[in-house]
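The values are calculated or read from the model by the stated rules, or taken from the named source; none is laboratory data. Just so you know, these numbers come straight off a predicted model, no measurement behind them. Note that each Cβ is placed from the backbone with ideal geometry, even for glycine, and that neighbours are counted across all protein chains shown. Calculation scope for accessible area: heavy atoms of the full protein, side chains included, ligands and nucleic acids excluded. Shrake-Rupley method; radii C 1.70, N 1.55, O 1.52, S 1.80 Å.
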Amino acid sequence: MSQHPVRIDGEAVTTSTSAPIHAPYDGQEIGVVPVCDAGHVERAVAAARAAMRQAPLPAWRRAEVLDAVAELLADPARAEEFARVIAREAAKPIVTARAEVQRCTSTFRFSAAACRGLAGHEVPLDASAAGEGRLGVARRVPIGVVGAITPFNFPLNLVAHKLAPAIAAGCAVVLKPASQTPFSAIRLAELLLDECGLPGGWLNVVTGSGREVGAALVDHDDVAMITFTGSPEVGWGIRSAAPRKKVSLELGNNAPVIVQPDADIAAAAAKIAVAATSHAGQSCISVQRVYVHRDVAGGFLDALAAEVADLVVGDPLDEATQVSALIDEGNRDRVRTWIEEAVAGGARIVVGGDVDTAGVLRPTVLADVDADARVCREEVFGPVVVVDVHDEVDEAFARANDTRYGLHAAIFTNDLAVARRATEVLDFGGVIVNDTPTWRADQMPYGGLRDSGNTREGPAYTVEEMTELRTIVFA
Ligand code: NAP
């Protein structure tokens, strides 16, 4: 196969070495991408810097570009083309991949709106005697070149959550997509550059390893901000490698959900079954830990087991598939080892725990798990959910909070006082009542505490992160 080029300064770029990309489900080669190096990063950053300095784009033009992308992605044929790319490279079931494309459309629309509404404010200088007679304005100006580094699990929409707000803010971008899933990102860049009128240097894509290409982007003095989504280990490493840059981090999680006896137990079980296994649990807000009240625990566990056992496991391109392969065999084997460790520590496999004939790990429900097992403490990033029992809701709050992560938590209850208390006590970036922690709309402020990160994404919030206040005084 010939290389699918990346884009630097508007040009299609290939390299002497190639990286073949394989579908996680069946191992087939689906394409080949360039292997960029620090020299490509240098060219890309120079192009981005020159674009911002020599050809700044007014807000109306930037908003038009963003709207044009949304328009194209809303076209059914185009949406299907992107969904198939996602399904193939990430092993995301096609129905879920279509939902990702739809969400991406919305990310671009909200970014266009944020672009049109981007404004600073007047500073009331005459509120002090020294300022009397002067006019003060705090304007929002672009922070500078943005370096975007993205993970494999939402290869289109998480790329969009970085590119679209950057363009809205007036920042040119250099993007380093995940090595396992580069095609959604490259195709999106082609859409922006070739069909939506974004001038060349405004968006540059470099493929290659995070350790070399990602690190070169992080190290580059002309990159003003790194926006990163991925694992805590890599994210905090970037934070300490670039102490003088703005670094925004969206990291991992092991999301808890509490189920109270007054909730609709069947509905909660059905939602949790999907939220724990969608994209094989490879979502940063996938349900991992369930704390169910003892009075309803038996019925809940039976209902959850039945829902999970019914999930269709298979080829991501099959319309019926609900759960497919993990991103690679290494991760599948890691998750299996964690399940085995939990079982060795006394856990019970309620359903799943094995692989099917195609080597796909079946969705797994565990009970009686030691709270210190890795399936509780760490982020599994696989189709595994752990069910624990509580008597008092405060006990459940304490266990839910007992984590180094802090992205989303949730509670199912119809007791208003308990729901309100949950929103006060649960120490997470987001608390969802009567749905799973996996619920997200793209315009929400979204982000975590502690090891889950240090920022909030959602176009309006990201645009704010990607701009700075410039104070202007007229004497
Ligand atoms: P990852 O291994 O941390 O990789 C993320 C990105 O960082 C990839 O593009 C990777 O490149 C690059 N990278 C690796 N080492 C680097 C380095 N030393 N310097 C600069 N860049 C480097 O994460 P992942 O496995 O793709 O994604 C899974 C993680 O993302 C999970 O922890 C998940 O919870 C988190 N996540 C968080 C959110 C959120 O919004 N909070 C959303 C989605 C996912 P290569 O691919 O070339 O290694």
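Of all residues in region 46-57, one or more are closer than 29 Å to D219 by Cα, buried (at least 16 other Cβ atoms within 10 Å of the Cβ), within 25 Å of the chain's Cα centre (by Cα) and not assigned by TED's automatic domain parsing to the domain that holds V360.
Please specify each residue of region 82-117 satisfying the condition of being charged (D, E, K, R) and either over 18 Å from F152 (Cα atoms) or not assigned by TED's automatic domain parsing to the domain that holds A189 (or both). Give the steps one after another, and end with the answer.
We begin by selecting, within region 82-117, every residue charged (D, E, K, R); these are 84, 88-89, 92, 98, 100, 103, 109, 116.
Matches in region 82-117: R109, R116.
Among all positions in region 346-360, there is no residue which is of a type in the set (S, T, Y) and within 16 Å of the ligand (Cβ to nearest atom).
Could you count how many residues in region 66-77 are among the charged types (D, E, K, R) and surrounded by fewer than 16 Cβ atoms within 10 Å (Cβ to Cβ)? If you could, list the steps in order and put the result at the bottom.
Filtering region 66-77 for residues among the charged types (D, E, K, R) gives 67, 71, 75.
Going one step further and asking which of them are surrounded by fewer than 16 Cβ atoms within 10 Å (Cβ to Cβ), we end up with 71, 75.
Residues in region 66-77 being among the charged types (D, E, K, R) and surrounded by fewer than 16 Cβ atoms within 10 Å (Cβ to Cβ): 2 in total.
Only residues that are of a type in the set (V, I, T) and within 16 Å of the ligand (Cβ to nearest atom) were counted across region 361-385, and they come to 4.
Taking region 222-241, which residues are of a type in the set (A, V, I, L, M), more than 7 Å from the ligand (Cβ to nearest atom) and touching a helix residue (DSSP H, G or I) at 6+ places or on another chain (Cβ under 9 Å)? Step through it out loud before you land on a result.
Initial filter on region 222-241 (of a type in the set (A, V, I, L, M)): 223-226, 234, 238, 241.
Next, only the ones that are more than 7 Å from the ligand (Cβ to nearest atom) stay: 223-226, 241.
Residues satisfying the conditions are V223, M225, I226, A241.
Can we say V274 is open to solvent by 30 Å² or more (accessible area, probe 1.4 Å), more than 13 Å from the ligand (Cβ to nearest atom) and within 18 Å of L366 (Cβ to Cβ)?
Working: open to solvent by 30 Å² or more (accessible area, probe 1.4 Å): yes; more than 13 Å from the ligand (Cβ to nearest atom): yes; within 18 Å of L366 (Cβ to Cβ): yes.
It is true that V274 is open to solvent by 30 Å² or more (accessible area, probe 1.4 Å), more than 13 Å from the ligand (Cβ to nearest atom) and within 18 Å of L366 (Cβ to Cβ).
In this structure, does A168 turn out to be small (G, A, S), open to solvent by less than 10 Å² (accessible area, probe 1.4 Å), in contact with a Cys (Cβ under 8 Å, 6 or more places away or on another chain) and away from the ligand (no atom under 14 Å from the Cβ)? Against the criterion (small (G, A, S), open to solvent by less than 10 Å² (accessible area, probe 1.4 Å), in contact with a Cys (Cβ under 8 Å, 6 or more places away or on another chain) and away from the ligand (no atom under 14 Å from the Cβ)), A168 qualifies. Taking the criterion of being in a strand (DSSP E or B), open to solvent by 10 Å² or more (accessible area, probe 1.4 Å) and more than 10 Å from the ligand (Cβ to nearest atom), the residues of region 133-163 that qualify are L135, V137, R139, R140, V141, P142. Figure legend. Inter-residue proximity from region 261-275: first residues farther than 14 Å from V433 by Cα and not assigned by TED's automatic domain parsing to the domain that holds L366, second residues open to solvent by 10 Å² or more (accessible area, probe 1.4 Å) and part of a helix (DSSP H, G or I), beta-carbon distance below 7 Å, spacing 6+ or different chains. No pairs are indicated. Close Cβ contacts (under 7 Å, 6 or more residues apart or on different chains) running from residues in region 357-371 that are closer than 22 Å to A273 by Cβ to residues that are of a type in the set (S, T, Y) and not in a strand (DSSP E or B) comprise V360/S324; P363/T277.
Here is the figure for region 253-268: residues that are surrounded by fewer than 24 Cβ atoms within 10 Å (Cβ to Cβ) and in contact with a helix residue (DSSP H, G or I) (Cβ under 7 Å, 6 or more places away or on another chain) total 4. Taking the criterion of being under 21 Å from P256 (Cβ atoms) and hydrophobic (A, V, I, L, M, F, W, C), would at least one residue in region 352-363 satisfy it? No, because not a single residue in region 352-363 is under 21 Å from P256 (Cβ atoms) and hydrophobic (A, V, I, L, M, F, W, C). A count restricted to region 404-461 and to residues that are within 30 Å of P142 (Cα to Cα) and in a helix (DSSP H, G or I) stands at 6. Could you go through region 417-426 and let me know if any residue there is within 16 Å of the ligand (Cβ to nearest atom) and among the hydrophobic types (A, V, I, L, M, F, W, C). Checked region 417-426: no residue is within 16 Å of the ligand (Cβ to nearest atom) and among the hydrophobic types (A, V, I, L, M, F, W, C).
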